[in-house]
Amino acid sequence: MIQRFKDFLFDNRRDIQERLFLLLTLIALSGMVLSFIASVINGENPESILNMLVAFIIFVVTIYLGFKNNRFRLTVNLSAILLIFVFFPVMYFTSGGIYGGTTIWFLFAMLYAGMILHGRWRVAMMVSELIIVAVCYYLEYRYPSLVIPHSKEEFFLDSYASFAICGVIMTLMLGFQVYMLRRETKIANRQKEEIDDLNRAQNRFFSSMSHEIRTPINTIIGLNEMILREDASEEIAEDARNIQAASRMLLSLINDILDMSKIQSGQMQLTPGTYRTAEMISDVSSMIQIRAMEKKLLFEVNIAPDLPSELNGDEMRIKQVLINILNNAVKYTAEGSITLSVQCESLNDAKVSLIFTVTDTGMGIKKESIPYLFTAFKRVDEDKNRHIEGTGLGLSIVKELTELMGGKVSVNSIYTQGTTFIVEIPQEVIDPNPVERLDMEGQREVAAVRYHQSFEAPDARILAVDDTAANLMVIKKLLRDTKVQLDTVSSGAEALEKTLNTEYNVIFMDHLMPEMDGIECMKKIKDQIGGKSREAKIVALTANAGRESRNLYEKSGFDGYVLKPVNGSTLEVELRRLLPKELLKYVVTDEDILEESVSWIKKGKKRANIKITVSSVADLPPSLAEKYDIGVIPLKVETEGGCFKDGVDIDADALISYVENRGKGVRILPIEAEDFEDFFAAKLRQANNIIHISGPEKGVDKSYFPAVEAAGNFDNVTILDTLTVSSGHALLAIEAAQMAEEGARIETIIERIKSDRSNIHASFLVDRIDPMAYSGQVNSVVATIMSAFMIRAAFTLKNGKSKLFGAYIGSRERAWKQYIAGALRDTKNIDTRMLFITHAGVPKAALDFIRGEVEKRVSFDEIYVTKGSPIVPVNIGVGTFGLFFRMKDREEKWDR
């Protein structure tokens, strides 16, 4: 029995709360037994002894049944309730009250509840006990007869016994809890050490695997490159290109697995450095262009004209992110095109947000699959995509690397219509001058170009050290056309023999070699007494990828670092950098190489970072929509003749004529979520983010919720409820568009619009109240009374709620004057930059009169007289007009 108890107590598979509860409860029961014995010896009254006995039995039965039925949490809670609400209060009144030992047991109950309970239950029970104790004290104070009193001798004995028993068991309880916590901490530390050891072993394994796999791939790629350099038949050249592509894909898969391992173990580190933006983009694009051509896809690259020429960041990881996304686009696009757009947005004087946008015309992503898109080892739509190569790691690595660099990645997609990925990464600006030497006429087709060495150096002495004969053969062949004098050796000892008598300019040194590794050999060459190559430039030639390896080589004193598998251009770049200039005879200059690398990239118009959109209910004149580049989605109008798009299939004048002649035969249809999806998808091809200025949630156009539903399919679409109507939307949309054009961040724009929407004055004067009664906006009885007395009503919308602004009796002109005077009464607080006079079927002469009345009171910089959307004549009525402007004072009230 004791052994079973110990096994239970120290079983790490069980929750520590269960083990603590069992031990603390047994200690508490032992205390109750001791207290029972002490009470009998002390000659306590029968009621107190009986209470203890009954409580002990109930406590034991409750715990037994709870554990037997595996109801641990219920048992814990019930035990606390019995102690606090039943046992100790009864014990208080049967054992002398405040002149007994129960007050000490109350303290024990508080500690017991605090140790076995957690969360809300702990707080509730401890507060309950404070209340119970207070009630017991109060009842004894007010009604002393409720307490069975103790004699003085009983009081002293009971209080001391309670003190001794509670003191011992509370000490044991606290001591055991401390012991258990220390024990668990030791176990956790031991497990952490085991995990660290496992991670180190895993890293050693992956490092070794990287080296072992890269070595044969290096041979394959290197020798294959030699085949491509030869004047071989088209069939052989095609086979060689296929081998090259397959080798690169295998290498990419290996890199993905290694990187995911580092990311999951928290060991992925960045290696920032200065890089030339155009070269980086060209390197990535050249690789993707070949794959795109294999599938007969059009691949385009657009670079913003203000893109800085030099930045500081981890170029290798940025390339990795782009290649993974672009490879994904190629894999999932059967026909059409893939476009890479590159631009930047200024963060401050020394930093920019580098923005890459990859758009394809592929199969798109299902709405339900988007949340799992960046999950490691998971591929969405598996049944349809089972024939497409990949591990499911690419996009997960993209997300992890982007966030590691302080950036973010988002995706917008409509199933069957293509996908857009947007990656934003902050970078330091080194050279703010824009990228130059770009072919403005567009892209050229990437074709198989015959290799030509970039330089010749017949007097240069080069030594290659590698324990793998195939690697030495590859290096020798790749550098053959440069005419350098190349010696090869297979060990560190042989290298020392060579360097003792020969002066080498550059030495390519493998790292992992038997007997003497590359680092040891490099140091011995540098310190070699009488050696003629002590001043040689030594480059690490290795299959070990990663920042740790690079840091190791830099600290060890290497002059460079080349990662296997090597290629001819990489070796030539290193030699051009390290060889004395007088030994080099350039066949192709650095400028020629740069020109070649970027000549096919298109330097085009900068893609907008933020685009503002509205629905046609905003009553935004087309000229202003074009001026501020605001996208407009049209409402739908249903008549007896069919369904028409506002401003596209039917204009305002035609609709007003129809309403006047046909009366009620017109209905405004809400824009559906599918329409918004297509609209947002189209606009996201023009910009990275969309802010849609929408009508109120309860607006008559009923488009807010479909817009929100559609926005859920995109990471870069934000819906803003303007709390206003008609041209009030236009005012906010124009303000947002101006801020976007000035380069404001999306968060700043959203915050400003939310703040300023309470400043918009939006009101309109209704010529006839009947249409508003038909549409349910005004009570029919009220409408009948107003029509009978020829009362014209003005309404305003503030914070999403429509209110009566004024009621006017008399002629139209008199009502117009009174309405305009009321709307413009607070002239000091009116923002005079812009005013919209929006109307439905008001004649030109009347509009001139209205404008004149406005100008008598306030001098606005710009006044736009515009025709309202179909909602105005259909739901408010022909002859209606409204005034829309911004107030300076946000607290201005429009109620009368």
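The values are calculated or read from the model by the stated rules, or taken from the named source; none is laboratory data. What you are looking at is a predicted structure, and each value in this text was computed from that prediction instead of being measured. In this analysis, Cβ positions are derived from the backbone assuming ideal geometry, glycine residues included, and neighbour counts consider all displayed protein chains. Surface accessibility is based on the protein's heavy atoms, side chains included, excluding ligands, DNA and RNA. Shrake-Rupley method; radii C 1.70, N 1.55, O 1.52, S 1.80 Å.
Assorted remarks:
- Among the residues of segment 699-708, none qualifies, meaning not one is part of a loop (DSSP other than H, G, I, E, B), basic (Lys, Arg) and in contact with a helix residue (DSSP H, G or I) (Cβ under 8 Å, 6 or more places away or on another chain).
- Scope segment 659-684; condition surrounded by fewer than 17 Cβ atoms within 10 Å (Cβ to Cβ), in a loop (DSSP other than H, G, I, E, B) and either at pLDDT below 80 or among the polar types (S, T, N, Q) (or both); matching residues: Gly663, Lys664, Gly665
- Test: residue in segment 494-510 that is over 28 Å from Pro216 (Cα atoms) and among the basic types (Lys, Arg): no
- Filter result for Ile116 (open to solvent by less than 90 Å² (accessible area, probe 1.4 Å) and under 41 Å from the mean Cα position of the chain (by Cα)): yes
- Candidate set: segment 439-470, residues that are open to solvent by less than 20 Å² (accessible area, probe 1.4 Å) and within 26 Å of Ile323 (Cβ to Cβ); chosen: the one modelled with the lowest pLDDT: Gly442
- Glu140 passes every criterion in (1) in a helix (DSSP H, G or I); (2) open to solvent by 50 Å² or more (accessible area, probe 1.4 Å) apart from (2).
- Subset of segment 301-316 (residues that are under 12 Å from Ala278 (Cα atoms) and in a strand (DSSP E or B)): Val301, Asn302, Ile303, Pro308, Ser309, Glu310, Leu311
- Where a residue in segment 231-243 is closer than 18 Å to Thr219 by Cα and its partner, wherever it lies, is polar (S, T, N, Q), with Cβ under 9 Å and at least six apart: Ala240/Asn224; Arg241/Asn224; Ile243/Asn224
- Of all residues in segment 563-582 being more than 14 Å from Ser454 (Cα to Cα) and in a helix (DSSP H, G or I), the one that is modelled with the highest pLDDT: Leu578
- Note on segment 736-761: residues that are in a helix (DSSP H, G or I) and either without any contact (Cβ under 8 Å) to a residue 60 or more places away in the chain or of a type in the set (Ser, Thr, Tyr) (or both) amount to 10.
- Selection of segment 818-873 for residues being assigned to a loop (DSSP other than H, G, I, E, B), of a type in the set (Ser, Thr, Tyr) and open to solvent by 60 Å² or more (accessible area, probe 1.4 Å) yields only Ser859.
- Count of segment 173-218 residues, restricted to those that are closer than 30 Å to Arg480 by Cβ, at pLDDT below 75 and either touching a His at 6+ places or on another chain (Cβ under 7 Å) or open to solvent by less than 70 Å² (accessible area, probe 1.4 Å) (or both), is 6.
- Residues in segment 508-565 that are over 26 Å from Val474 (Cα atoms), open to solvent by less than 80 Å² (accessible area, probe 1.4 Å) and out of contact with any helix residue (DSSP H, G or I) (no Cβ under 8 Å at 6 or more places or on another chain): Lys526, Asn551.
- Answer from Val700, Val708 - the residue that is of a type in the set (Val, Ile, Thr), open to solvent by 40 Å² or more (accessible area, probe 1.4 Å) and at pLDDT 75 or above: Val708
- Residues in segment 302-315 that are open to solvent by 40 Å² or more (accessible area, probe 1.4 Å), touching a helix residue (DSSP H, G or I) at 6+ places or on another chain (Cβ under 9 Å) and either under 21 Å from Glu400 (Cα atoms) or modelled with pLDDT under 90 (or both): Glu315 only.
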